[in-house]
Amino acid sequence: MLKSLWKVYAALLRLVVLGLVVVSGAGVMAMMLVTCADVALRLPFIQRPFAGAYDIVEMAGAITLAAALPYTTAVKGHVAIEYFFHRLNRPGRIVVDTVVRLIGMTLFAFLSWRSFVYGGELHSSGQVSQTLQVPIFWIPYVIGVSCAVVVLVIFHNLVCPGREMVKL
């Protein structure tokens, strides 16, 4: 029973991580298209810059970075200090790895919580983007969700240390 629940948890988490990768890719595509359109519209014979290009690229950049975090964590793509790690014996590696993962879970849980709080503050104050005047409270919410998913991915890696959650 517990094993089948774990499989469902891992499968759902994998789907969420891959969905966020798609969001991240769409953010990169949006930044590229908006930047190219802005440059093309500034040509001498058109001379009409893309109004709000900076706002769109800024928002897409934040979403792209946040949405890529869970995937990077799932494929263990973060920088590791291998030199010191491999000098430890096996029990030492297990202890250090566990402590680092617990610290990471705590950090990302804190970031998630603070992102939701900040999003609420932006929503209550009515904060909008500079040029387009689009509400921006939802961006910290996306960051908060991504950080929460990172906590779940780290938990998965803590419980199943030898297995990759997502293959490259």
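Every read-out reported here was derived from the displayed coordinates using simple, explicitly stated rules and does not represent laboratory data. Quick caveat, the model's predicted, so the values are computed rather than measured. We place every Cβ from the backbone using ideal geometry, glycine too, and count neighbours over all the protein chains shown.
Fewest-first ordering of SER129, SER112 by other beta carbons within 10 Å of each residue's beta carbon gives SER129, SER112. The slack in the chain from ARG87 to VAL22, taken as 0.36 nm per residue of separation less the alpha-carbon distance, amounts to 19.6 nm.
Fully extending the segment from GLU121 to SER4, taken as 0.36 nm per residue of separation minus the present Cα-Cα distance, adds 38.1 nm. Positive-end ranking of CYS147, VAL159, VAL21 along the dipole of the stretch 2-159, with charges on Cβ about the Cα centre, is headed by VAL159.
Sorted largest first, the spans of the alpha carbon positions of the chain along the three principal axes are 67, 36, 33 Å. The angle separating the long axis of helix 2-41 from the principal Cα axis of greatest extent in the chain is about 30 degrees.
Taking other Cβ within 10 Å of each residue's Cβ, how do PHE137, PHE108 sort, fewest first?
With the sparsest Cβ surroundings first, the list reads PHE137, PHE108.
Let me have the 222 nm mean residue ellipticity of the chain computed from DSSP H runs of 4+ only, each contributing -39500 (n - 2.57), with the sum over all residues rounded to the nearest 500.
Result for the chain, helices only: -26000 deg cm²/dmol.
When exposed loop sites are taken as trypsin sites (Lys or Arg not before Pro) in a DSSP loop with at most 12 other Cβ atoms within 10 Å, the longest stretch of the chain clear of them is 1-86. Placing unit charges on the Cβ atoms only, positive for Lys and Arg and negative for Asp and Glu, gives the chain a dipole magnitude near 740 debye about its Cα centre.
Each label was represented as a point 7 Å from its Cα along the Cα-to-Cβ direction; for MET32 and PHE155 these points are 3.5 nm apart. Each of SER124, VAL8, PRO70 was placed along the dipole of the chain (beta-carbon charges, centred on the mean Cα), and the one lying farthest toward the positive end is VAL8. Of the chymotrypsin sites (Phe, Trp or Tyr not before Pro) found in the stretch 28-89, the ones in coil according to DSSP and having at most 16 other Cβ atoms within 10 Å of their Cβ are PHE45.
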